[in-house]
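K.L.:
Would you mind keeping the following structure in view while I ask a few things?
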Amino acid sequence: MILTTTESISGIQVDTIGLVQGTGAHAAPLTGGAAEAPTKWLDRALAAAAARMVEEAERLGADGVVAIRCAPLSLGAGTVGVAVYGTAVKFQ
């Protein structure tokens, strides 16, 4: 599956299937150990959101997702969240 932030894939004609999206969140661990950097939480949330978006695209029979964008989610103190979305396409 090709994933890109661009609006098209150079040299490939595509048919639009539709919008696909995924969300992910990660909370700060509530342990007495050393705290992880918040960027690691965001990395995990982003990876989960992207994986869910790809799963949705695969269920629709897509060959790729174009115009991928990310948006932060406000979930409260100690939790980071992100939404990832794009347009699922089928190669001609």
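Values in this text are rule-based calculations from the coordinates and carry no lab data. Predicted model, so just to flag it, every value in this text is computed and none were measured. Cβ atoms come from the backbone with ideal geometry, glycine included; neighbour counts cover every protein chain shown.
K.L.:
Which residue, of Val84, Val14, Val89, is buried (at least 19 other Cβ atoms within 10 Å of the Cβ) and over 10 Å from the mean Cα position of the chain (by Cα)?
P.N.:
Answer to the selection: Val89.
K.L.:
Find all pairs meeting these conditions: Cβ atoms under 6 angstrom apart; at least six residues apart or on different chains; first residue within the stretch 60-81 and under 30 Å from Gln13 (Cα atoms); second residue of a type in the set (Val, Ile, Thr) and not in a strand (DSSP E or B).
P.N.:
So the pair list comes out as Val66/Thr4; Ile68/Thr5.
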